[in-house]
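*Asks:* Sharing a structure with you now.
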Amino acid sequence: MGMWLKGTRLVFERGLVENLRSKSFKVVTGLLLLLSIAAVTLPQLFGDDTTTYTLATVGEAPADLVATLDAAGDAGGFDVEYVTRDDRQQLRQAVRDGDATVGFSGDTLYAAAIDAGTFPVVVAQAAVTLETTRTLAEAGMSPQQVAQVQSIRPPEQVTVAAVEDEGRATVGFAVGIVLMLALLFAGTAIATTVALEKCTRISEVLLAVLRPSQILVGTVLAVGTVTFAQLLVLVGPVAVAVQVTDNIGLPSVAAGDIALAIAWFLLGFALYAFLYAASGALVGKVTEVDVAVRPIALAIFAGYFAATFIVMEDPQGVWSVLASIFPITAPLAMPVRWASGEVPTYQLLLAMALTAGTAVAFVSLASAVYRRALLITGRRLRFRDVIGKPAEI
């Protein structure tokens, strides 16, 4: 076991040094660092100090309501914009889509779940004040009229949102994109490295002194370490900024979601990396790598599309739950669904356990393919050409 670890470490160190010295690593890491810094600093540099709220009404907003809200805005340091819709359903949709902060019609007030601030209360108070004024103008100050005035209640406030926290959900969406790209780039790098070493006969030299499993594990760990470091460069400053300041417009809980996303990257990498390495060993030429890894890339895309078009649309739907637990799609779907704030902890742990178990099975399968395919050169192989009884690594 000690000799196996020593050989694996040598392959790992060799691959790590080559990756760190490469021009592409320096360029990509520099760009990721600039992107991360921009994500933290630009919202603070170019953010608008004046808060603007949008009120949607059925038809034109009453002039007295507009005057009251504008006066409140002058006193409170915010602006109010006004939009119209045809009916209450459109009001609700406008708030849900983010086209309006508040929708107001008669005795009902629809409020956005994020960035609404105290504006719903201001609108409600303005409506009550105007109704009180009209009542007092139409009736005297008899006890009956006073009782009538006192019976006026603010509009019922209905919070409209598909998720618990829209800002947190936005972070989840961004996490899905980053994880998909990280898995695709890391996997392609692994497959290319394996294919290049096979086609240039470097693998034959390595096999003279090392076992196939040592080459496989060392190569995967080297590329994985580099990719993980680049991922930390990208998300690290953002996670810290979210935790210590609220000037970038993200909830503090998003820092925990980002940390969880890193854990899901490790699980996703373990799930797909060895399959990428096995696919790289199947090619006869380096130019065939893209075709060889296409089925794996499609599986990753499937997870991303499930997260985007199924999970974000209805985080608690049956298909969303299945996509976030099924091991092939879980690394991309579960972080997005978790950001909705409505995932039971047991489902998160179940998804992680199933993904880890599947990753172990994939390692065994990929090792068998890698071990046999690495020794066959000159032509492109298929999985069925080399698959058999899984070899021990």
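*Asks:* Given H placed on each backbone N at 1.01 Å, which residues far from THR51 in sequence or on other chains put an amide H within less than 5 Å of it?
*Replies:* Answer set, sorted by chain and number: ASP79.
*Asks:* Give me the net charge for the shell around VAL286: Cβ to Cβ below 11 angstrom, other residues only, Lys and Arg +1, Asp and Glu -1.
*Replies:* Overall, the nearby charge balance is -1.
*Asks:* Another question, if that's okay. What is the calculated FRET efficiency for TYR346 to THR200, with r their C-beta to C-beta distance and R₀ = 51 Å, to the nearest 0.05?
*Replies:* On the way: r = 49 Å, r/R0 = 0.96.
Given R0 = 51 Å and the Cβ-Cβ separation, E is 0.55.
Every read-out reported here was derived from the displayed coordinates using simple, explicitly stated rules and does not represent laboratory data. Given the structure is predicted, the values throughout are model-derived calculations rather than measurements. Counting neighbours? That spans all protein chains shown, and the Cβs are built from the backbone with ideal geometry, glycine included.
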